[in-house]
Amino acid sequence: MIDAIRDRLKSAAGPNGFSEDQTEIEPHLEEWRSKYKGRSPLLLRPATTRAVSEILAVCHETATPIVPQGGNTGLVGGQIPFDGEILLSLSRMNRIRTLDTDGHALVVEAGVVLANAQKAASDANLLFPLSLAAEGSCTIGGNISTNAGGVNVLRYGMARELVLGLEIVLADGRVLDLLRTLRKDNTGYDLKQLFIGAEGTLGVVTAVALKLFPKPSAHATAFVAVPSPSAAIALLSRLQSATGGMVSAFELIPRIALELVLMHIPGTRDPLTSTSPWYVLVEAAGAAQFHLGAIVESAIGEAIAKGEVSDAALAASEAQRAAFWAIRENISEAQKKEGSSIKHDVSVPVASIPAFLDRATREVLMIVPGARPVSFGHLGDGNIHFNFSAPHSGVDAAFLAKWDVVQDRVHAIVKEFSGSISAEHGIGVMKRDALAHAKSALELELMRGLKRLLDPRDILNPGKLL
């Protein structure tokens, strides 16, 4: 990088807004699974939208590539600067700007950690329902840029459905102010949607107006043993009908995932006395007077009578509810501690999940005999984390060498089931080449046209997504 450009960028970032210290930059260069590692000569940490605007104006003028990064919790390499690009972190832009309790809206800056946004809503007796395992470190800007999903999509939708407005800095430094909290606005194209899920390739999100909901005063949470994914789907339909659509989470868990958690995560225990090939963690939420616990318990009892359920435990306290959720939230960590794994984040129509799991598992095992299927996730919205651990614990280079072959086959099967190769993790670099097979030629043409229009010098997160 030319020294003059470096100095201009440092000046734009402001005092304490930059670092060239590689020991400080290093944690930003490697993602959680250590699959991707990059390099960067300069970390910029602006504290204001104006500073971000000045930084991007310099980058645009000088054709200097820059990679925006949130909490560095992404799993597809979208946040990593692979080729020495400037790294842009909005971690200092972490203010909660406004909270409208009457309008149920929360305006936060992009660097606000998801858990802090949840707490701000909760303190006002409201709910921000976006919830995922990385909520203690991921940021709102990253959540919006990747269209994050999580465990409550079944009831509340993906991140894009929780956004009322955005403030975005465009590639040339201009600020696009769409930071409205209106629930209804039919004045032309809904431009904010272009930047949600764009992975920082079209603009840099600096602030977000979030949609809030009434805070539930009661939860009915159950850990349920089912004989098969088909039985789990039947149970989902039964519970949705019984609760009037108040099921907020419905997570599929195979026995091997539970065993890995019990083995690697201290303090966890099996909620049930008998084993089962599959489980679901279900949660319904609402007002206390709805007596959801009794409704869920009755529906599960009917499912037991129909053979859809073999055993179940209903959380009798907040501590027990937390213990149930700890099992689900620690599956990825337990699988990491177990050793090498090949992972997929895919979705298919809910009714097709049993057939997809059966077909795709059989074909993957033909490629990697002995691999251990650890397929789990958001059954209620069709999103399965279709994962495989190596035949034995520990690092297995030969197993990991099959990643691309396995991924190509899985993605081909997903397409046959009219599914998506990325349900909630994004494209990044991991699935960039696969996108050409998942999207039509016209879809790709329009996406590239938007990129050329909004980032004609290709400085924003180059090489990602497209």
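The values are calculated or read from the model by the stated rules, or taken from the named source; none is laboratory data. Here the structure is a predicted model, which is why all the values come from computation and not from measurement. Cβ atoms come from the backbone with ideal geometry, glycine included; neighbour counts cover every protein chain shown.
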request  = Working carefully through the options Leu272, Leu202, Leu281, find the one that is touching a helix residue (DSSP H, G or I) at 6+ places or on another chain (Cβ under 9 Å) and not assigned by TED's automatic domain parsing to the domain that holds Leu132.
outcome  = Leu281
task = Just name the residue that is farthest from Glu329 (Cα to Cα) out of those in the stretch 362-380 that are of a type in the set (Val, Ile, Thr) and buried (at least 16 other Cβ atoms within 10 Å of the Cβ).
result = Val368
key: Identity of the residue in the stretch 314-330, under 28 Å from His385 (Cα atoms) and small (Gly, Ala, Ser), that ends up surrounded by the most Cβ atoms within 10 Å (Cβ to Cβ)   = Ala315
message = I'd like to check something: does the stretch 155-172 contain any residue that is in contact with a Phe, Trp or Tyr (Cβ under 9 Å, 6 or more places away or on another chain), more than 24 Å from Ala423 (Cβ to Cβ) and assigned to a loop (DSSP other than H, G, I, E, B)?
response = no
inquiry  = Yes or no: the stretch 434-455 includes at least one residue that is more than 24 Å from Lys337 (Cα to Cα), surrounded by 19 or more Cβ atoms within 10 Å (Cβ to Cβ) and touching a strand residue (DSSP E or B) at 6+ places or on another chain (Cβ under 7 Å).
reply    = no
ask   = Assuming Leu99 fulfils every condition listed in (1) touching a helix residue (DSSP H, G or I) at 6+ places or on another chain (Cβ under 7 Å); (2) surrounded by fewer than 23 Cβ atoms within 10 Å (Cβ to Cβ); (3) part of a loop (DSSP other than H, G, I, E, B) apart from one, which condition is it?
value = (3)
note = Output for Cβ contacts, cut-off 6 Å, separation at least six or different chains, first residue at pLDDT 95 or above in the stretch 7-20, second surrounded by 19 or more Cβ atoms within 10 Å (Cβ to Cβ) and assigned to a loop (DSSP other than H, G, I, E, B), reads Ala13/Pro46; Gly17/Arg45; Gly17/Pro46; Glu20/Leu42
query = What number of residues within the stretch 29-57 satisfy the criterion of being over 23 Å from Lys337 (Cα atoms) and surrounded by fewer than 18 Cβ atoms within 10 Å (Cβ to Cβ)?
reply = 4
ask   = Looking only at the stretch 209-237, which residues are closer than 28 Å to Gly111 by Cβ and part of a strand (DSSP E or B)?
value = Ala209, Leu210, Lys211, Phe213, Pro214
query = Scanning for something in contact with a Phe, Trp or Tyr (Cβ under 6 Å, 6 or more places away or on another chain) and either within 22 Å of Leu465 (Cβ to Cβ) or part of a helix (DSSP H, G or I) (or both), does the stretch 3-17 turn up at least one residue?
reply = yes
message = Residue under question is Phe399, and the condition is that it be within 24 Å of the chain's Cα centre (by Cα), at pLDDT 95 or above and surrounded by 17 or more Cβ atoms within 10 Å (Cβ to Cβ); does it hold?
response = no
note = Across (1) farther than 16 Å from Val348 by Cα; (2) in contact with a Gly (Cβ under 6 Å, 6 or more places away or on another chain); (3) buried (at least 16 other Cβ atoms within 10 Å of the Cβ); (4) of a type in the set (S, T, N, Q), Asn383 clears everything bar (1)
inquiry  = Can you find a residue that is in contact with a helix residue (DSSP H, G or I) (Cβ under 6 Å, 6 or more places away or on another chain), modelled with pLDDT of 95 or more and more than 22 Å from Leu44 (Cβ to Cβ) anywhere in the stretch 156-172?
reply    = yes
ask   = Within the bounds of the stretch 301-313, is there any residue that is buried (at least 21 other Cβ atoms within 10 Å of the Cβ), closer than 19 Å to Ser217 by Cα and touching a residue at least 60 places away in the same chain (Cβ under 8 Å)?
value = no
query = For Ser40, all conditions in the list (1) under 22 Å from Ser137 (Cα atoms); (2) outside any helix (DSSP H, G or I); (3) out of contact with any Pro (no Cβ under 8 Å at 6 or more places or on another chain) hold save one; what is the number of the exception?
reply = (3)
remark   = Cβ pairs under 9 Å, 6+ apart or interchain, first in the stretch 239-262 and in the same structural domain as Val280 (by TED's automatic domain parsing) and touching a residue at least 12 places away in the same chain (Cβ under 8 Å), second in a helix (DSSP H, G or I) and of a type in the set (Asp, Glu), ordered by first then second residue, are Ala242/Glu302; Phe250/Asp381; Leu260/Glu338; Val261/Glu333
ask   = Based on what the data block shows, is Ala249 buried (at least 22 other Cβ atoms within 10 Å of the Cβ), touching a Pro at 6+ places or on another chain (Cβ under 7 Å), outside any helix (DSSP H, G or I) and among the small types (Gly, Ala, Ser)?
value = no
ask   = Regarding Gly419, is this residue surrounded by 21 or more Cβ atoms within 10 Å (Cβ to Cβ) and not aliphatic (A, V, I, L, M)?
value = yes
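So if I check each of Asp433, Asp404, which one is out of contact with any Asp or Glu (no Cβ under 6 Å at 6 or more places or on another chain) and part of a loop (DSSP other than H, G, I, E, B)? Show your work before the answer.
Details: Asp404 fails: part of a loop (DSSP other than H, G, I, E, B).
On inspection, the qualifying residue turns out to be Asp433.
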Count - residues of the stretch 102-116 that are in contact (Cβ under 8 Å) with a residue 60 or more places away in the chain, within 21 Å of the chain's Cα centre (by Cα) and outside any loop (DSSP other than H, G, I, E, B) = 4
task = All but one of (1) more than 11 Å from the chain's Cα centre (by Cα); (2) in contact (Cβ under 8 Å) with a residue 24 or more places away in the chain; (3) part of a loop (DSSP other than H, G, I, E, B) hold for Leu194, so report the exception by its number.
result = (3)
